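Structure, as structure tokens:
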Amino acid sequence: MKQIKKQVRHPLDDLLRIDRIPHIWCPGCGIGTAFSSCLIAMRESGIDLEKTVMVSGIGCSGRGAGYVNLDSYHTTHGRAIPFATGMKLANPELNVVVFSGDGDLFAIGGNHFIHAARRNVDLTVVCVNNFTYGMTGGQVAATTPLKAKTTTTPVGNPDTPFNLPLLAYASGATYVARWTILHTRDLTESIEEALLNRGFSFIEVLSPCPVNYGRRNKENGIDSLKIYQERTIIRNDAQPWELDIDFDRGIVLGKFIQTERPTCTDRYDNTCRPKELIEGEKGLE
Amino acid sequence: MVFWRVPFDSEEIQITTGIVYIIEDRCKGCGYCIEYCPRDVLEFSSKFNTKGYHPPAVKKPDDCVNCHYCEILCPEFAIYSVEASTEQG
């Protein structure tokens, strides 16, 4: 027995700041699973972890940056993508991963998201979508499904939620996928592809929030996972405009877009720093 | 293992077995590993951990096929499996 106790060391422990574990996420919260998929993908993809940075904003998923044992950056609310863009421009060798929530990336940070996608900055954005503002007590968010009950919509949400993959595609992202935390292996594979993809990559991860979203909609964590199992359809290469969040009709999962176009750095170098200009300046010196 | 028809190569195929390790004090008792274990290896234990949750316990240790699904589904980094043969060697 003593020997077994010595070996109790989780395979991901070297990528975690163990002194901070157990983390603050509630029992049944899916962020932990999304986070561990992200760590597995980082390790499996073979990217240089010394040159990898994790950036997150504010919110439950924003705590991710504090738990990873790599260079990480916990930024102001909604500003994860601008910080990441700055880091990527200053040092193009870095692999920058943005790990944040739906409220942070799409409500307060919505503008930053669409413009980073338009410029095609070489980032990997993992958005944990739990359909609500979990940390502040479960208020209605831009991603709350129609008719779902929240603290601020006690009779049901009257508005339609964002279709995040469509938004990412329309803004110009070069890799777009959506998975749930139950489809962990596909999710890990997808994050791996996104890390290796050159350009703006976006992955939406549906994740249960049993305490602040589930409780008001009569579902606990396991119920949410069962819904993800029964009411989702995997359809790779589906059209982005067919991906609305509607649990009655079924939610489409999969890898939707993978294309290539010049990144922000490429275009900047071609336009503002063309070869002949740099060589001319050198000659003058 | 029970088959409805025994595959022709069932004698040649080696089924890997795994040993499940549980870091009990990290567990928050969500029950995802117990619900989604494909071989139904785990159950809630009756004892409490230091945080007051019931961690999972291994019910049928011989049935684990080392698929690692509990390991990747656990949000708490509290469970993992290791292949049995490498452990013995």
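The values are calculated or read from the model by the stated rules, or taken from the named source; none is laboratory data. Keep in mind that what you see is a predicted model, and the values were worked out from it rather than measured. Here Cβ is always computed from backbone atoms with ideal geometry, including for glycine, and neighbour counts include all displayed protein chains. Calculation scope for accessible area: heavy atoms of the full protein, side chains included, ligands and nucleic acids excluded. Shrake-Rupley method; radii C 1.70, N 1.55, O 1.52, S 1.80 Å.
Structure summary
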{"quantity": "Evaluation of A:R231 against (1) in contact with a strand residue (DSSP E or B) (Cβ under 8 Å, 6 or more places away or on another chain); (2) of a type outside the set (A, V, I, L, M, F, W, C); (3) surrounded by fewer than 17 Cβ atoms within 10 Å (Cβ to Cβ); (4) on the phi > 0 side of the Ramachandran plot (one fails), failing number", "calculated": "(4)"}
{"quantity": "Count - residues of the range A:163-182 that are over 15 Å from the mean Cα position of the chain (by Cα) and either within 14 Å of chain B (Cβ to nearest Cβ) or closer than 21 Å to A:I31 by Cα (or both)", "calculated": "1"}
{"quantity": "Restricting the range A:183-222 to residues that are among the hydroxyl-bearing types (S, T, Y) and more than 13 Å from A:C127 (Cβ to Cβ), the residue that is farthest from the other protein chains (Cβ to nearest Cβ)", "calculated": "A:Y213"}
{"quantity": "Any chance A:G59 is in a loop (DSSP other than H, G, I, E, B), of a type outside the set (S, T, N, Q), away from chain B (no Cβ under 12 Å) and more than 20 Å from B:Y69 (Cβ to Cβ)", "calculated": "yes"}
{"quantity": "Boolean, B:C64 is at pLDDT below 95, in contact with a Gly (Cβ under 6 Å, 6 or more places away or on another chain), facing chain A (nearest Cβ under 8 Å) and open to solvent by less than 40 Å² (accessible area, probe 1.4 Å)", "calculated": "no"}
{"quantity": "Unique match (being away from chain A (no Cβ under 12 Å), surrounded by fewer than 16 Cβ atoms within 10 Å (Cβ to Cβ) and modelled with pLDDT of 90 or more) among B:D40, B:D25", "calculated": "B:D40"}
{"quantity": "Evaluation of B:K51 against (1) in contact with a strand residue (DSSP E or B) (Cβ under 8 Å, 6 or more places away or on another chain); (2) surrounded by fewer than 16 Cβ atoms within 10 Å (Cβ to Cβ); (3) within 12 Å of another protein chain (Cβ to nearest Cβ) (one fails), failing number", "calculated": "(1)"}
